1. In sequence order, what are the phi-derived ³J(HN,Hα) couplings for region 57-66 according to the Karplus relation 6.51 cos²θ - 1.76 cosθ + 1.60 with θ = phi - 60°, rounded to whole Hz, with x for glycine and proline?
2. I need the trypsin sites (Lys or Arg not before Pro) found in region 115-155, filtered to DSSP loop residues with at most 15 other beta carbons within 10 Å of theirs.
3. Scaled to the compact-protein estimate 2.2 N^0.38 Å, what is the alpha-carbon radius of gyration of region 138-202, rounded to two decimal places?
4. For a quick check: with amide H placed at 1.01 Å from N, whose amide H comes under 5 Å from residue 76's, ignoring anything fewer than 5 positions away on the same chain?
5. Find the all-direction average of the projected area of the Cα convex hull for region 48-108, expressing the result in square nanometres with one decimal place.
6. Could you derive backbone 3J(HN,Hα) for region 186-194 from the dihedral phi with the Karplus parameters 6.51, -1.76 and 1.60 (θ = phi - 60°), listing whole Hz in sequence and x where the residue is Gly or Pro?
7. Once phi is turned into θ = phi - 60°, what whole-Hz ³J(HN,Hα) does the Karplus curve with 6.51, -1.76 and 1.60 give for every residue of region 76-84, x standing for Gly and Pro?
8. For region 75-200, state the semi-axes of the equivalent ellipsoid (square roots of 5 times the eigenvalues of the alpha-carbon gyration tensor), sorted largest first and rounded to whole angstrom.
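The values are calculated or read from the model by the stated rules, or taken from the named source; none is laboratory data. These numbers come from a predicted model, not from an experiment. We place every Cβ from the backbone using ideal geometry, glycine too, and count neighbours over all the protein chains shown. SASA here: full protein model, heavy atoms, side chains in, ligands and nucleic acids out. Shrake-Rupley method; radii C 1.70, N 1.55, O 1.52, S 1.80 Å.
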Amino acid sequence: RGCRVTESNTQIIGRMKLLAAQTLSILALFVALAAALDGDELHSTVKEMKDAEHVKYNKSHKKFRFFDADGSEFIDRPEFEKGLQKLGYKTSSKKLEHIMGELDMDKDGKVEFVEFMRPTAKKYKEERELEHGADTDRAMEHFDKDTDGQVTVDEFYNGLSHLDRMKSMSKEKVVDFVNMYADVDGDGLLSYDELDTIDPQLM
């Protein structure tokens, strides 16, 4: 019976150490990039992740609650250090100070959840931008049948013809949409950048 308890404790400690290592590696890897995401952009990205119930949001929330030992909704330096020690992870005071300093946007000595999310939110936003770029690449390939790098109104209309809702939409309406909304430079053609601004749901 004693052996089973020891084994169980060892497994728990192992998982906790893994959590600490993952947390520190993520923070260390992206902390240099985190500063580029703040203010309204940071808050809107975190909200998007929350609304989507993104797995990275949920994991970060669990990690935050672990370090926020007193449930105050923020992590101070002693809590962060104590949490790492509890997990058996040793880090230098200088490294800890650096990470805390990068995450603590308002420099009040405390890291709130949104601040804690900066590295993860930055990575999420980059991944979303890459996905969006891939969507535009696929859209250009779909519409640009003569592969000249531009989409004519006819190509755009024909490319949408497979959609059920297009059965009730005249070509004139599609032309109006292109001229009034999508064709920014007014040359009668859709470039890659112009196609990129169109709602993907239309494609």
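1. 5, 4, 5, 5, 5, 5, 5, 4, 5, 5
2. Values: sites: 122, 123, 125, 128, 138, 145; in loops: 145.
In loop regions of region 115-155 (DSSP not H, G, I, E or B), the sparsely surrounded trypsin sites (Lys or Arg not before Pro) are 145.
3. Numbers: Rg = 10.9 Å, N = 65, 2.2 N^0.38 = 10.7 Å.
Rounded to two decimals, the normalised Rg is 1.01.
4. Amide H neighbours of residue 76: 111.
5. Details: hull surface 19.8 nm².
The directionally averaged projection comes out at 4.9 nm².
6. These are the phi-based 3J(HN,Hα) values: x, 8, x, 10, 9, 7, 4, 5, 5 Hz.
7. 9, 4, x, 5, 4, 5, 5, x, 5
8. Here the semi-axes work out to 52, 14, 13 Å.
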